[in-house]
Each structure stands twice: as structure tokens, then as C-alpha cells.
1. Give me the dipole magnitude in Debye, nearest 20, for the chain about the Cα centre, with unit charges on the beta carbon: positive for Lys and Arg, negative for Asp and Glu.
2. I'd like the accessible area for R110, computed on protein heavy atoms only with a 1.4 Å probe and all protein chains in place. Round to 10 Å², please.
3. Please give the per residue accessible area of the chain, computed with a probe of 1.4 Å over protein heavy atoms only, in Å².
4. When only C-alpha pairs under 8 Å and at least 6 residues apart count, what is the relative contact order of the chain, in percent?
5. Kindly state, to the nearest 0.05, the FRET efficiency for A82 paired with R129, given R0 = 35 Å and r defined as their beta-carbon distance.
6. With both bridge residues required to lie in the chain, what share of the DSSP beta bridges run antiparallel, to the nearest 5%?
7. Given Q57, V75, T131, which one lies farthest toward the positive end of the charge dipole of the chain, if we put +1 on the Cβ of every Lys and Arg and -1 on the Cβ of every Asp and Glu?
8. Ignoring any ligand, DNA or RNA, what whole percent of the accessible area of segment 19-136 comes from carbon and sulfur when the probe is 1.4 angstrom?
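The values are calculated or read from the model by the stated rules, or taken from the named source; none is laboratory data. Small disclaimer: the values here were computed from a predicted structure and weren't measured. Here the Cβ is made from the backbone with ideal geometry for all residues, glycine too, and neighbour counts use every protein chain on show. In case anyone asks, the SASA skips ligands and DNA or RNA and just uses the protein heavy atoms, side chains included. Shrake-Rupley method; radii C 1.70, N 1.55, O 1.52, S 1.80 Å.
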Amino acid sequence: MTDFDELIAERLTALGPAWRIRHAVPSPELDIRHLVIGPGGVFAVTTEYHPGKARFQSRRAARLLTVAAGCPVEVTTLTVLAGTAREIGDYPSDVVVCNAQELPGLLKNRPPVLSPVTIGAIHGAARRRETWRPAA
């Protein structure tokens, strides 16, 4: 993990016990640094601004988690930048962009969409290596 990834991991600890985090998703085809699962949804966190690539990875993660968890899973792309998100200018509406300082508040203030039971099911699926390496 880079120093910036470690900073993000540290910031994510501020989310509290209702949130689950899977660092460094073990997939040969995905580069998801942090998968965050909580009341406000499921977020694939990346630290580079490549919206097309990040959206592809979020859609792929959603498909894999849906199969493994046995329930529909939507994954939102969340790009965390070292500077201020406003430096980018316009970015796609389906990609959430923030800086590390804003990260915990942004996630905590999302309206609840997942129950504790669903969070547990998705987190359990995310923790299993076979979720990320499906059979061909």
C-alpha cells in the first residue's frame, strides 16, 4: 500500500462499527484499494482519477458480490484524491469524488440503504477469496 492508501485506511477507521472495510481486494482483474460496506451502501475506493476504469471495476465488483452474497449488490465508485476534488472540474455524476479529509463525513452522511444483516452478508462475501476469483 502507498502512503496515501494508508492515510485513507486510517481515515476509514473513523466510520465506526456499522461499517466494514476490505482493504486491497484480492482480484487479478480489479484494482480496488478499499471496499467499504455500510449503511450508506457499498463503495469501491480508488485513488486515481480514471472514471471509465473505476466504473468498470465497480460494475465487475457488483456482479461478483451479487453472486457471492446471494442478494443484489450495487457498488458506487468513490475516488479519493490527495488534493481537493474541485481541482478536477467536471466529473461524471455516477462517480463520487472527495479528498481524504472529507471521506468519513461523506460516507457517514449518506442515507441508509443497507440493513445490518445485508452489510454482514456482503462483507462475508467480500472476505472470501473465491468471490474475487470466480471459476472460468
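1. Values: 16 positive and 13 negative charges, 113 e Å.
The calculated dipole for the chain is roughly 540 debye.
2. The accessible area comes out at roughly 80 Å².
3. Working: 7110 Å² over 136 residues.
Each residue of the chain exposes 52 Å² on average to a 1.4 Å probe.
4. On the way: 210 pairs, mean separation 38.6, N = 136.
For the chain, the relative contact order is 28 percent.
5. On the way: r = 30 Å, r/R0 = 0.86.
According to the calculation, E is roughly 0.70.
6. Working: 9 of 19 bridges.
In the chain, approximately 45 percent of DSSP beta bridges are antiparallel ones.
7. Positive-end residue among those listed: T131.
8. Numbers: 3150 of 5990 Å².
Looking at segment 19-136 in its full context, I get 53 percent from C and S.
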